[in-house]
Structures are given as C-alpha cells and as structure tokens.
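Undergrad: Pasting a structure below so you can have a look.
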Amino acid sequence: MELQKEARTPRDPVARLPGASRSQKPDEEERREGGSAPAATALDAEADGASADGLWELPVEPAERRPECSRCSRPQKVCLCPFLPVHPLHISTHLYIIQHPAEENKVLRTVPLLAACLPQDKCKVKIGRRFSEERDPELSTVCRKSDTLILYPGAEAANLEEFILDSPIYPSTIIIIDGTWSQAKDIFYKNSLFRLPKQVNYHMCSSHMWQSRSRQEEKTLLRPLQALCSFQLQHGAQIRLSKEHLLKNGLYPKPMPKNKRKLRKMELLMNSIKI
C-alpha cells in the first residue's frame with residue numbers, strides 16, 4: 001500500500017520540534033547581552049578618560065643627556081681621553097676599516113678609539129655592506145694594489161707577522177672588517193673587491209725582533225681598550241669566560257655531549273686545535 005504524499009505550499013506553516021523554541025532562547029539571551037556590551041565598554045572608556053585627564057596636567061621633565069667628551073664622544077664620567085696617546089702614533093701603513101652599519105651606533109664601539117690614536121690621514125672608516133668599483137673607486141684602487149693586505153681569517157690566510165718578516169715589500173695598506181662574525185663573513189664574501197688583496201690573519205709570533213719593535217705601540221693601543229673594559233666592570237658588567245677556558249679548567253657547567261661529532265669538536269677546542 002503506497003503512502004499518500006501531502007502537498008505543502010510555501011505559505012503553509014512548518015511544524016517545529018518541541019525543543020526548537022527552547023534552543024533559540026540562549027541565542028536570544030546572548031544577543032541581548034551582546035547588545036549591552038558596547039554600552040558597558042563606552043562607560044568604562046569614559047571612566048578611564050576622566051581618570052587620565054589629571055595626567056595631562058602633570059609637569060613633564062625634559063630628558064637631558066649626560067655631558068659628553070668632544071674627543072672620544074663618551075660620557076665625561078667614563079671619558080677615555082686620559083688613556084689615549086697625547087700625540088697620534090706615527091705609522092707607515094694606511095688602515096681602511098670597513099664597518100658594518102649595525103656597528104656604527106653601538107655604545108661600546110672601538111673603532112673611534114683606534115681612529116683617535118692614529119693620524120687622520122692614516123685611518124679611514126667606510127660604513128656599508130656592499131662596495132664596488134663604481135660606488136667607491138678609491139677603495140677599488142686600494143684593493144688592486146699589490147702591497148695591500150686584508151685581515152680576515154681563513155684557510156688561505158697567511159700569518160700577518162710572518163708575512164711581514166718574510167716579504168720584501170712592506171704593506172702600505174691593511175683593510176680590516178669591523179662587525180660580528182656573520183656580518184664580516186657577509187661583507188667579505190659578497191664583495192669581490194675584498195678578495196683581490198692578500199688575505200692574512202693574526203697569530204702571536206715568536207720573533208723577538210718583532211715583539212720588541214711593536215711592544216710599545218701595542219701597549220699604547222691597548223690602554224684605551226683596557227680602560228673601557230675596566231669602566232664596564234666598575235658599572236656592573238660581568239666577566240664571561242670562553243668555552244675553551246671553561247673546558248680546560250674543568251669549569252664547564254653543562255654535561256658533555258654524547259654525539260661523537262660534537263664531542264670531537266670539544267676535544268679539539270680543549271687542545272687549541274683549529275676546528
């Protein structure tokens with residue numbers, strides 16, 4: 001027996017389930033509560049505004065910078081001028097310092113200290129990340145000279161002191177990159193000009209002739225750096241020992257790695273072998 005289907009027009013009311021009307025009541029309550037929320041927010045904003053009106057009447061003290069030294073550009077309380085040489089050191093080599101822009105505004109930057117120890121025509125600072133022959137023809141000319149060196153460590157770098165002692169030509173210009181390791185690496189490898197000069201690094205040499213000749217100059221150049229470190233320690237800076245020192249003296253606080261490759265690096269570091 002077939003079931004008879006009843007036709008229904010759009011005007012006919014649709015039967016609702018018994019729980020349908022009850023399920024809509026929470027929604028209606030939420031809408032009513034939501035409608036009252038903006039009013040409560042407006043009242044809170046007015047109350048906050050009324051309480052903040054008194055703050056505008058408070059006197060504002062202008063921020064004053066500490067007086068700075070005109071020579072070393074440091075606060076007078078920690079001025080480094082007494083530790084700088086009275087007269088600039090006379091050197092035969094020109095220094096070109098390639099400084100990363102991030103180093104320019106650092107408080108503890110040391111390039112101004114070096115520049116204050118040397119004659120102005122012997123120390124030039126160039127700030128930037130990218131250098132080319134079109135942008136800086138002067139630097140391009142310097143990099144192409146045979147007696148120009150660039151101080152950057154690497155497998156192809158020669159020892160600076162041994163190179164100077166053995167080379168018949170004394171270097172006229174040394175290029176130094178100032179920045180963190182990652183910044184210096186980026187500048188060195190992404191500027192083809194800096195791979196033209198002879199690459200050197202610095203290691204202590206056992207030659208007594210070189211040590212006696214440079215001992216006084218080295219002591220003079222290290223005085224402002226030592227004073228800078230002393231000022232930092234006096235004002236709350238903490239001494240941080242290198243990982244190599246901690247490993248050699250049994251002070252390394254972390255457990256030794258179980259990975260053989262990492263453990264091998266630790267052993268090479270303890271034995272002062274270049275990794």
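Values in this text are rule-based calculations from the coordinates and carry no lab data. Every value quoted in this text rests on a predicted model; they were computed, and no experiment measured them. A quick note on method: Cβ atoms are made from the backbone with ideal geometry, for glycine too, and the neighbour counts reach across all protein chains shown.
Undergrad: Mind listing the Cα extents of segment 76-234 along all three principal axes, in Å, largest one first?
TA: 43, 39, 29
Undergrad: Let me ask you something else. Return the sequence-ordered ³J(HN,Hα) values of segment 163-175 in whole Hz as given by the Karplus equation 6.51 cos²θ - 1.76 cosθ + 1.60 applied to θ = phi - 60°, using x for Gly and Pro.
TA: 5, 5, 6, 8, 7, x, 10, 7, x, 8, 9, 10, 9
Undergrad: Each residue of segment 82-98 in turn: what ³J(HN,Hα) in whole Hz from Karplus with 6.51, -1.76, 1.60 and θ = phi - 60°, glycine and Pro shown as x?
TA: Running phi through 6.51 cos²θ - 1.76 cosθ + 1.60 with θ = phi - 60° gives x, 9, 7, x, 4, 10, x, 6, 8, 10, 8, 9, 8, 10, 10, 9, 8 Hz.
Undergrad: Collect residues whose amide H, placed 1.01 Å from N in the peptide plane, falls under 5 Å from the amide H of Ile97; neighbours closer than 5 in sequence don't count.
TA: The answer is Lys124, Val125, Lys126, Ile176.
Undergrad: Within a Cβ distance under 14 Å of Tyr252, other residues only, what is the Lys/Arg minus Asp/Glu net charge?
TA: +4
Undergrad: What is the calculated FRET efficiency for Gln226 to Ser92, with r their C-beta to C-beta distance and R₀ = 25 Å, to the nearest 0.05?
TA: It comes to 0.45.
Undergrad: Net charge near Pro67, counting Lys/Arg +1 and Asp/Glu -1 over other residues with Cβ under 11 Å of its Cβ?
TA: Summing Lys/Arg as +1 and Asp/Glu as -1 gives +2.
Undergrad: Take the Cβ-Cβ distance between Ala102 and Arg65 as r, set R0 to 22 Å, and report the resulting FRET efficiency rounded to the nearest 0.05.
TA: The pair Ala102/Arg65 has a calculated efficiency of 0.50.
Undergrad: Now a separate question. At 0.36 nm per residue, minus the direct Cα-Cα distance, what do Arg264 and Leu251 gain on full extension? Give it in nm, one decimal, please.
TA: Full extension from Arg264 to Leu251 adds 2.8 nm.
Undergrad: Right, another one. Hey, what D do you get for segment 112-166 in µm²/s if you plug the Kirkwood alpha-carbon radius into Stokes-Einstein at 25 °C and 0.890 mPa s?
TA: Estimated via Stokes-Einstein, D reaches 178 µm²/s.
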